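The block underneath contains the structure these notes are about, expressed in structure tokens.
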Amino acid sequence: MLELRGVSKHYTAPDGDRVRAVDGVSLTLRDHELLALYGPSGSGKTTLLLLAAGLTRPDAGTVCFDGHDLARLSRRDAARHRLTTVGFVFQTLRLVPGLTAIDNAALKLMAAGATRREARREVAPLLERLGIGGRADQPAAELSVGERQRVAIARALSNGPRLVLADEPTGSLDSRRASEVLALLAAIAAERSIAIAIVTHDPAAAASATRALRLHDGHLEPLAAGAAAEAVEPPAVVPAPLGERG
Amino acid sequence: MRLRNLLFLYSRRVLTHPLQELLAVLGIAVGVALVFAVQVANTSVAGSVSQLVHGVSGAASLQVAARGPEGLDDGVVGTIARLPGVRIAAPVIEVRATVSGPRGARGVTVLGGDRRLVSLNGPLLKQFALPGLRLPQAIALPQPVAHAIGVPIGGEATIATGAEPVRAPVLGVLGRDQIGSLVASPIVLAPLDYAQRFADLRGRVSSVLVEAAPGAEASVRASLVRLLGDRANVGSSDREAQLVRQATSPNNQSTALFAAISGVVGLLFAFNAMLLTVPERRRFIAALRTEGLGDGTVVRLVLFDGLVLGVVASLVGLVLGDQLSRHVFHATPGYLSFAFPIGGQRIVDWQSVAIAFGGGVLATLVAALRPLSDLASRRPLDSALRTEDREEDATIPSRWALGGGLLLTAAAAAIPLFAPGAMIVGIALLVGGMLLLTPRLLAAALAVADVLARRVRSAVLLVSLGELRSSTTRSLALAVTGALAVFGSVAVEGSHLDLQRGLDRDAHHLNAQADIWIAPAGDDNTLATTPFRPTVAARLSSVPGIAAVRDYRGGFLDVGDRRVWVLAPPRADPTPVFASQVVDGDVATAQRRLRAGGWVAVSQAIASDLHVRVGDPVTLPTAVPTRLRVAAVLTNLGWTSGAIVLNATDYAHAWGSDAVSAIQVLLDPGTAAAAAVPRVRAAIGPGSGLLVQTAAEREARFRTLSRQGLDRLTQISTLLLVAAALALAAAMGGVVWSRRPRLATLKLSGFSDGAVWRALVVESAIVLGIGCSIGAVFGLCGQFMLTRWLQRSTGFPTSYSAAGWLALATFVGVSFVAVMIAALPGWIAARVPLTTSFQQD
């Protein structure tokens, strides 16, 4: 389904140095698969996810979905690809504060042309399944970080994507809720025959994936079974610094 | 995306940021309101005359008008009526007069006509068919005039036309149901022979209205020119309306420009209000694009937002503008009523609505397009991936902005030197330069403040500066709003003061030529344009303290499409023109030539129309066409259509009349004018209808009337200041309120409520102080350019003086008011609960 071949991406740091965020990575993602990209902060995880989504272009290598090079898609086709094929969960969630939880979750369907009523009807079961059905009509600004994260997941799944890309989807959840969400994602991957790639620095999250890869200094390497659990990493739930956004 | 979904998303956004949306609506509405109100006021002035002209002329398409107040011999009416193709030739008496009663006096135009005028079927003159007006000695008044002077039907009003005042029975008071909107026109209707008698025009007529047979208009016009072309003006029957359109054009132009500047400033307020929400809107759009929303849909989304905002705000603006035009801009420019029958009608045409509404919507759409710039980015989804702080950093000025700002400012500075005709472009460049330079100037000022803050070791100051640096977009929006507010106020009010100073200087020069002036009473005669027989002059020779009595002549003359003010001081006057009035020519030579006779000084616009320069011969279209030579080219002396100066003897010859329009009295040295006035009044006796004034009294009247003419400019600049203070206060309030979580974080760090509040106030003062000082400096440049534009394009006398005090006062005033207003939401926000620091957007 998704294939990255020799993909590299460089950035120029403020001091002028060139930083290799992703360096010659090759990766294939298959249907039903829940892939965890595990690594410490600054290892290039998010950049790799953006490359996989076609949100940024590689400096070298190709990113293909069903054999089509994403870099060669027209703007219109790339937009259509994201609208109909891919679901995203960003680390910063990107919820619209003035909309309720269910309207946020329904936003992608509305963008695709559904009426608001149709879109809300479509996403309501998802919110129930994610355990926030009772908070569906709360404004996003009044939700807790964990609730907002689940709304973001609901939005990513709302359009029936074939690929879901999630950046730290359990980063703000307690361990019990994180396990539930990961289990749900795994179940959805199996039920809907879709591929899910998550970026995480949570060893427990990495351990629960069907496949886990470790990213270190822009290079990808297999993660031995149990290695993630043994790795010394920051705790799963990291409180946001005071006054900053979630 | 469906329309209903777009509407839903927009409504959510409005509910999330109501203050910013309200601020944007207010900014646009203020701009639209100013433009609309000025449009309505300007249209109404010319429109009222046009309505009156059509109300009188009816089916007549041609007019033969006398070239002076003495009119034409009424024998010409029969001659015209006998010309082939003429159906009706209707004689008309039209004179300016003052009508008075127990409650007051009003300046009016007396219209005298007979059954021939009625037969033209003009809506106004149908009233001549009223039974009462068939009587030979009666007048009819519109209801507002009758009410103002306090004369009912059956009462008596006094009419003064320059001749001895008469008491006339009022046998008709005309209401709206009889003459429609013409009820607002300042007129008196009278039978022709009666009007001829009290206007001292027996056997004379002011004009003849001519209705030609179908298809015969051209041949009739040619016949009229052959018959009377050398002693009367032959033209279309709406010539008066054309003349007033020309006369109001410079004033309309300057008022419209000032309103447009204010409008643009208002719209920039709106743009800045939107700038406050730009990061949030960019993130929203980027999030939708990430999810797969196409470029076309994004454009529709953004345009929809702008369209809804623009339509709502422009509608609010039209309502505000309507109220402004009724209650603030409703006064007619008093000085124009000296020469035209300007009524109080309020005329709203579709063009005024379309310009204001369309302009508002269009400007809003342009202002709303900022987030679309992301579509052109190489990495279009960047804004979705940035954190807030990095996004703020993205608006830190680039070198391009600095270079562009310097380039635009330099281009603006070069315009007065190399292309003074393009001053408006220069002002636009100046505003553009200021907007582009403000970010860099703000950054530099913050750097300097930073250095100072380290020395004073104030935690409050450090926090304030830190907040300003960390939210560049917001700081910039506030600084730019302050800069625009002060720029607009200083430029508009500064050039207004320059214009006022120029008019005052001319008023002083004109009136200081005599110690006492004697002229027919009435506001309409402030410029001494009403002729009268100088029979009282002989009685003054025996009054003690009088050194000399001189005849002054003056009036109006139609030259081409201009109704020109003619000033004819006595030959003995040593300074018929002044250095400040002369645009081209040597002052001393011009004065000598004008005194000698055979020479004339004309305004720049007239010289341009007639294609003459100093020394060229020119034939004035007077009752007795007279060939003179141009002694100098002048400003317009404050009369928008232009002015002509010649000596009183040449005037008498050219107009074929010995009548004067004022008597100048020069006193012996040591004789006080105020003491001499009662003696002069006693000498001329009661009932003459003449007003005796000292030069100072007359100058004060001039100043009052010239200020009336400039009232709108004053009102515009005042409204601009009020709008600026409100916009700044609202912007500050919005910014302060949206930052409550950060304020709570400060409190968590140990800051007291008072310290947080002080930090907010200091922050406001810094950013507004910087913005307003930038606006003040650029505003002084704007004042210079606007003044030059006014002088060049309207011909008004101006006297430039850098409005340093005005700039300082505006800078201090706007900054102080805005900071004080912002202190209130700051005080409330500083009491934010600590738990707010844990809130997420």
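The values are calculated or read from the model by the stated rules, or taken from the named source; none is laboratory data. Quantities reported herein were computed from a predicted structural model and do not represent experimental measurements. A quick note on method: Cβ atoms are made from the backbone with ideal geometry, for glycine too, and the neighbour counts reach across all protein chains shown.
Against the numbered list (1) modelled with pLDDT under 85; (2) of a type outside the set (A, V, I, L, M, F, W, C); (3) assigned to a helix (DSSP H, G or I), A:Arg94 comes up short only at (3).
Could you check how many residues of the stretch A:47-57 are within 13 Å of another protein chain (Cβ to nearest Cβ) and over 12 Å from A:Gly218 (Cβ atoms)?
Restricting attention to the stretch A:47-57, the residues satisfying the condition of being within 13 Å of another protein chain (Cβ to nearest Cβ) are A:47, A:49-51, A:53-57.
Remaining after also requiring over 12 Å from A:Gly218 (Cβ atoms): A:49-50, A:53-57.
Looking only at that region, the number is 7.
Cβ-Cβ contacts under 7 Å between residues 6 or more apart (or on different chains), taken from a first residue in the stretch B:800-822 that is under 14 Å from B:Gly488 (Cα atoms) to a second residue that is surrounded by 15 or more Cβ atoms within 10 Å (Cβ to Cβ) and acidic (Asp, Glu), are listed as B:Leu806/B:Glu493.
B:Thr387 meets each of the listed conditions (1) of a type outside the set (A, V, I, L, M); (2) buried (at least 17 other Cβ atoms within 10 Å of the Cβ); (3) at pLDDT below 75 apart from (2). Residues being without any contact (Cβ under 8 Å) to a residue 12 or more places away in the chain and within 38 Å of the chain's Cα centre (by Cα) are entirely absent from the stretch B:189-210. Name the residues in the stretch B:674-687 that are out of contact with any Lys or Arg (no Cβ under 7 Å at 6 or more places or on another chain) and either among the β-branched types (Val, Ile, Thr) or crowded, with 20+ Cβ neighbours inside 10 Å (or both), would you? Within the stretch B:674-687, B:Ala676, B:Val677, B:Val680 qualify.
Do we have any residue at all in the stretch B:429-451 that's part of a helix (DSSP H, G or I), modelled with pLDDT of 85 or more, touching a helix residue (DSSP H, G or I) at 6+ places or on another chain (Cβ under 8 Å) and more than 18 Å from B:Leu478 (Cα to Cα)? Taking every residue of the stretch B:429-451 in turn, at least one turns out to be part of a helix (DSSP H, G or I), modelled with pLDDT of 85 or more, touching a helix residue (DSSP H, G or I) at 6+ places or on another chain (Cβ under 8 Å) and more than 18 Å from B:Leu478 (Cα to Cα).
Just one of B:Leu111, B:Leu117 is in a helix (DSSP H, G or I), surrounded by 23 or more Cβ atoms within 10 Å (Cβ to Cβ), in the same structural domain as B:Val166 (by TED's automatic domain parsing) and not small (Gly, Ala, Ser); which is it?
Details: B:Leu111 fails: in a helix (DSSP H, G or I).
When all the criteria are applied, what remains is B:Leu117.
Among the criteria (1) modelled with pLDDT of 85 or more; (2) touching a Ser or Thr at 6+ places or on another chain (Cβ under 9 Å); (3) acidic (Asp, Glu), the one B:Asp114 does not fulfil is (2). Taking B:Phe778 as the residue in question, decide whether it is touching a Leu at 6+ places or on another chain (Cβ under 9 Å) and within 14 Å of chain A (Cβ to nearest Cβ). It is false that B:Phe778 is touching a Leu at 6+ places or on another chain (Cβ under 9 Å) and within 14 Å of chain A (Cβ to nearest Cβ).
B:Phe357 satisfies every condition listed in (1) within 14 Å of another protein chain (Cβ to nearest Cβ); (2) buried (at least 17 other Cβ atoms within 10 Å of the Cβ); (3) modelled with pLDDT of 70 or more except (1).
Take A:Ala119 and tell me if it is within 12 Å of chain B (Cβ to nearest Cβ), buried (at least 23 other Cβ atoms within 10 Å of the Cβ) and within 28 Å of B:Arg12 (Cα to Cα). Criteria met by A:Ala119. The criterion of at least 2 residues that are in contact with a Gly (Cβ under 6 Å, 6 or more places away or on another chain) is met, among strands (runs of 3 or more DSSP E) falling completely within the stretch B:558-615, by B:562-568.
Scanning the stretch B:11-27 turns up one or more residues that are aliphatic (A, V, I, L, M), in contact (Cβ under 8 Å) with a residue 60 or more places away in the chain and farther than 30 Å from A:Gln138 by Cα. Can you find even one residue in the stretch A:27-36 that is within 12 Å of chain B (Cβ to nearest Cβ), surrounded by 15 or more Cβ atoms within 10 Å (Cβ to Cβ) and farther than 19 Å from A:Leu157 by Cα? Checking the stretch A:27-36: not a single residue is within 12 Å of chain B (Cβ to nearest Cβ), surrounded by 15 or more Cβ atoms within 10 Å (Cβ to Cβ) and farther than 19 Å from A:Leu157 by Cα.
Considering the stretch B:288-336 alone, what residues qualify as being among the β-branched types (Val, Ile, Thr) and at pLDDT below 80? Within the stretch B:288-336, B:Thr290, B:Val328, B:Thr332 qualify.
Among the candidates B:Ala744, B:Ala696, which residue alone is modelled with pLDDT of 75 or more and either within 30 Å of B:Ala247 (Cβ to Cβ) or touching a strand residue (DSSP E or B) at 6+ places or on another chain (Cβ under 6 Å) (or both)? It would help to see each step written out before you state the result.
Values: B:Ala744 fails: either within 30 Å of B:Ala247 (Cβ to Cβ) or touching a strand residue (DSSP E or B) at 6+ places or on another chain (Cβ under 6 Å) (or both).
Checking each option against the conditions leaves just B:Ala696.
Would you mind stating whether A:Ala124 is more than 21 Å from A:Ile198 (Cβ to Cβ), modelled with pLDDT of 90 or more and not charged (D, E, K, R)?
Details: more than 21 Å from A:Ile198 (Cβ to Cβ): yes; modelled with pLDDT of 90 or more: yes; not charged (D, E, K, R): yes.
Yes, satisfied.
Within the stretch B:287-306, if we keep just the residues that are crowded, with 17+ Cβ neighbours inside 10 Å and more than 12 Å from chain A (Cβ to nearest Cβ), the residue that is farthest from A:Ala111 (Cα to Cα) turns out to be B:Gly306. Scoring A:Gly6 on the criteria (1) closer than 17 Å to A:Gly218 by Cα; (2) of a type in the set (Gly, Ala, Ser); (3) at pLDDT below 80 leaves a single failure, condition (3).
So, in the stretch B:84-110, of the ones that are of a type in the set (Gly, Ala, Ser) and touching a strand residue (DSSP E or B) at 6+ places or on another chain (Cβ under 9 Å), which residue ends up farthest from B:Ala146 (Cα to Cα)? Out of the qualifying residues, it is B:Gly85. A:Val199 meets the conditions (1) surrounded by fewer than 24 Cβ atoms within 10 Å (Cβ to Cβ); (2) within 14 Å of another protein chain (Cβ to nearest Cβ); (3) more than 30 Å from B:Arg4 (Cβ to Cβ); (4) in contact with a Lys or Arg (Cβ under 7 Å, 6 or more places away or on another chain) in every case but one. The failed one is (1).
Evaluate the following for A:Ala190: is it touching a strand residue (DSSP E or B) at 6+ places or on another chain (Cβ under 6 Å), part of a helix (DSSP H, G or I) and either surrounded by fewer than 16 Cβ atoms within 10 Å (Cβ to Cβ) or modelled with pLDDT under 80 (or both)? Here the answer is no, as A:Ala190 does not meet what is asked. What's the total number of residues in the stretch B:712-755 that are of a type in the set (A, V, I, L, M, F, W, C) and either within 13 Å of chain A (Cβ to nearest Cβ) or at positive phi (or both)? Counting residues in the stretch B:712-755 that are of a type in the set (A, V, I, L, M, F, W, C) and either within 13 Å of chain A (Cβ to nearest Cβ) or at positive phi (or both) gives 5. If the condition is being at pLDDT 70 or above and over 23 Å from the mean Cα position of the chain (by Cα), then the stretch B:236-270 contributes B:Ser236, B:Ser237, B:Asp238, B:Arg239. For B:Val564, state whether it is more than 30 Å from B:Ser688 (Cβ to Cβ) and in contact with a strand residue (DSSP E or B) (Cβ under 9 Å, 6 or more places away or on another chain). Criteria not met by B:Val564.
In the stretch A:122-145, the residue that is nearest to the other protein chains (Cβ to nearest Cβ) out of those that are on the phi < 0 side of the Ramachandran plot, of a type in the set (Gly, Ala, Ser) and assigned to a loop (DSSP other than H, G, I, E, B) is A:Ser144. In the stretch A:65-91, of all residues being assigned to a strand (DSSP E or B) and without any contact (Cβ under 8 Å) to a residue 12 or more places away in the chain, the one that is farthest from the other protein chains (Cβ to nearest Cβ) corresponds to A:Asp69.
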